[in-house]
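These notes are about the structure you will find just below.
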Amino acid sequence: MHGETRLRLSRFRKLEELPGTHHPTVYRVDYACRCGDLHASLVSHDELDWAPLGLEDSTAYVNLMTSRLDVVGSELSDLAAVHIKAGEWPWSFFCLPEGRPRVVFPSAFRLLAATHDDRVGLAVRCPVCGELSVNLVTRDHVDVPFVNDREVGVADRLLPADAAEQLAEFRAQLASDAFDIRRLELN
């Protein structure tokens, strides 16, 4: 399928920064589609980190205070500025090695796994120490800017730096004949 789709960040499953391009940086995003399959897409840094804030949204609405048509993007920009000035950030996570919450943007997400109870397991690369910490958060914590859970679950161990690559290799082995051959060799 070609074209454009809109979906929540919590439907992402794997994010990988592609080598080469840096202005803008481009990410490969594997996401859980409504059809039940995983699909891949290319997303620019701006689309990933800034578009969810709605700053460029050109949708018009009737401002009941002034009876004029206003643009949503300007209202959302003002709202974001108020939050940030108050010390609230659009997204955050808990960094295990540093033992503290950190500000983060969706481009720092690496792996996401949905649970049956409206939560998301989230592997995040810390922008300060570079380690991969795993948090368990609500979907709103991931999907809605400036909604940060008061408490998050934190895995007591770090993921290896190549966790996404190991997962991809494992999935490839599961789908290959080599996996069956190795299993048969154990007997």
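Please treat every number below as a calculation from the coordinates, not as lab data. Small disclaimer: the values here were computed from a predicted structure and weren't measured. Positions of Cβ are backbone-derived with ideal geometry, glycine not excepted, and every protein chain shown enters the neighbour counts.
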* Semi-axes, largest first, in whole Å: what does sqrt of 5 times each Cα gyration tensor eigenvalue give for the stretch 1-139? -> 27, 21, 16
* **Val128 paired with Ser44, simple spin-label distance in nm, labels 7 Å along Cα-to-beta-carbon** => 3.1 nm
* Structure fact -> Here FRET efficiency (C-beta to C-beta, Arg150 to Leu7, R₀ 30 Å, nearest 0.05) is 0.70
* Could you calculate the FRET efficiency of Glu16 with Leu79 from 1/(1 + (r/R0)^6), where r is the beta carbon distance between them and R0 is 45 Å, rounded to 0.05? => 0.90
* Step through the residues of the stretch 97-112 one at a time and calculate ³J(HN,Hα) from phi using the Karplus curve (6.51 cos²θ - 1.76 cosθ + 1.60, θ = phi - 60°), rounding each to whole Hz and writing x for Gly and Pro. => x, 8, x, 7, x, 9, 6, 8, 10, x, 5, 8, 5, 10, 9, 10
* Report the label-to-label distance for Thr59 and Arg28 in nanometres (one decimal), using points 7 Å from each Cα along the Cα→Cβ vector. => 3.2 nm
* Structure fact -> When Tyr31, Tyr61 are arranged by how many other beta-carbons sit within 10 Å of their Cβ, fewest first, they go Tyr61, Tyr31
* J(HN,Hα) series, the stretch 80-86, from Karplus relation 6.51 cos²θ - 1.76 cosθ + 1.60, nearest Hz, glycine and proline x -> 4, 4, 4, 4, 5, 4, 7
* Rounded Å value of the spacing that divides the Cα centres of the stretch 1-62 and the stretch 71-97 -> 19 Å
